[in-house]
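Notes to accompany the following structure.
The values are calculated or read from the model by the stated rules, or taken from the named source; none is laboratory data. As the structure is a prediction and not an experimental result, all values here were calculated from the model. Every residue, glycine among them, receives a Cβ derived from its backbone with ideal geometry; neighbour counts consider all protein chains shown. Ligands, DNA and RNA are stripped out before the accessible areas are found, and what is left, the full protein with its side chains, is counted by its heavy atoms. Shrake-Rupley method; radii C 1.70, N 1.55, O 1.52, S 1.80 Å.
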Amino acid sequence: MYKYTDYVSHLQRIADVNCATALLHWDLEVYMPKGGAAFRSQQISTLAGMAHEMFTSEKTQKILHSLLDGNNLSGPERRNVELTLWDYQREVKLDKDFVERQATARSEAFNKWMEAREANDYAVFVPQLQTLIDLARQEADMRRYEAEPYDALLDLYERGLRAAFLDKLFGESRDKIIDLVSELNLTSLVETPNTLKQQYPKDAQWDFGIELLKALGYDFNTGRQDISPHPFTIAFSPQDVRVTTRVKEDDFLTMTWSCMHEAGHALYEQGLPSEQYGLPLGTSASLGIHESQSRLWENHVGRSRSFVKVWFPELQERFPENLGDVTPDAFYRDINRIQPNLIRTEADELHYHLHVIIRYEIERACINGNVSAGELKDLWNAKYKEYLGLDVPDDNRGILQDVHWAHGSFGYFPTYSLGSFYAAQFYHAASNRINGLEEDLEQGNYTRLLDWLRQNIHCHGRELLPGDLCRAVTGEILNIDYFIDYARDKYSTLYARD
Ligand code: CO
């Protein structure tokens, strides 16, 4: 009784509401005057509630079942409807009462987390965190799982991902990264001044960032860049994808490499098929795949020898006082500095994964019921000592540093590392398949790399599960060796022992 066009217009109306919400979010981060905050959160929650009601309505269910029972769908149409049914079931699985209890617990926990940060005292946050853990365990039961509760939560962020797979992947990653670090000589770094930590004028940085975005293929006809406290990418459709950045005058790395990171996210969104607007085939494959695109441009393109070859002479012209006397080798070393540190968001591309793996090991143990919130701090500190060789001096630089758990997000952290590991494997595949890719990049020509990503990843939207997409693009499942080989190749030359 329903036609496919009914499904499309129903879902696109929901997408319209969601995009209006997203625009309010963008404005909140970028332009909104401080005083607008109270009503803005009401406006956002009204619109979000409307979209939720539209999506979980009986109409959605009727449309989906009537289309799936019929025989009139093409392959891609059927895939869209199946994926929407999966989303629908995910949304309606938790009863209203539970969702409300969880929402209340989350906002209480967030406030307590802020209070605990203020006091630099984890103990303040423990009871509320334990409540969130208990609720997450109940949620896992309601969502159902085969092997362990944590699987049910992982599946929310990276569909098809299971802890058994992750455990092997992250276990190997942890051991191999620790091995690699132990082979390097990092002490020489301490003595050499970092050429990126000088005063770089704001406007000149901004102008360079814009030029770089254009060169990578970011389309300013369907995008724009603004300033916000935390850089992010937001899309209202493939024809309006915006990025933000922040500029630190005393650190050249902050803006430029965040521009490349967000460009990677944005190129993905600009490459999704417009004709699938509002439908699963018009959205990204997963958080991990999204992050793979940002890390590929930020690290594999942006921290490479070819990048230095193309852009360093121009940077010397733009910043003669900072870089006039610097050699390309020193610049390359400085964009690839590594040093263990306490804060995840400030970590280098190698140690970063140890931060993520620590969080993964801890949250998995919590959700599976093996440890309680009260025991987490000791566990955290012991792991930082063991994996990174660091003593955690206080809670703010330790277990209180991230907001994710205070938001009730368990199972999110792993997607960050998956992003880098996918990126290494995708980049390896691209180098094999694109003849002369290295020469292209050495000339600052990014077109063929972008086209390859468009054809192999972007244009498929959510058609495949992330793990299947990886296999389709590279011929095998996610394999940590690509990342380790890439990292060893780069860092063992940069930080060779005598
Ligand atoms: Co990102």
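Of note:
- Sulfur and carbon atoms: percent of accessible area, the chain [1.4 Å]: 49 percent
- Structure note, pairs Lys62/Lys93; Lys309/Lys490; Lys248/Lys383; Lys214/Lys490; Lys3/Lys93: Cα-Cα distances above 21 angstrom occur for Lys248/Lys383; Lys214/Lys490; Lys3/Lys93.
- Cα pair count fraction exceeding 44 Å, expressed as % - the chain: 14 percent
- For the chain, with +1 on Lys and Arg beta carbons and -1 on Asp and Glu, the positive-most of His10, Met114, Gly223 along the dipole: His10
- Solvent exposure of the chain amounts to 45 Å² per residue of accessible area, where only protein heavy atoms count and the probe is 1.4 Å.
- Calculated from backbone phi, Karplus (6.51, -1.76, 1.60) coupling profile of the stretch 439-445 in Hz, x at Gly/Pro: 5, 4, 5, 5, 9, x, 9
- Probe 1.4 Å - accessible area at Lys377, Å² to nearest ten: 70 Å²
- Evaluated with a Cβ-only charge set (Lys, Arg +1; Asp, Glu -1), the chain carries a dipole of roughly 780 debye about its Cα centre, given to the nearest 20.
- Normalised by 2.2 N^0.38 Å, with N the number of residues, the alpha-carbon radius of gyration of the stretch 1-67 equals 1.40.
- As a rough guide to protection, the peptides 226-238, 402-414 ranked by mean Cβ packing within 10 Å, highest first, stand as 402-414, 226-238.
- Residues within the reach of a label modelled at Arg246 (point 7 angstrom out along Cα to beta-carbon, backbone nitrogen below 12 Å), restricted to the stretch 213-234, are 227-232.
- Estimated [θ] at 222 nm from DSSP helical runs (n ≥ 4, -39500 (n - 2.57)) normalised by residues in the chain, nearest 500: -19500 deg cm²/dmol
- Intensity falloff of the stretch 175-330 expressed as log10 I(q)/I(0), Debye formula with alpha-carbon point scatterers, at q = 0.13, 0.17, 0.18, 0.21 Å⁻¹: -0.70, -1.04, -1.12, -1.34
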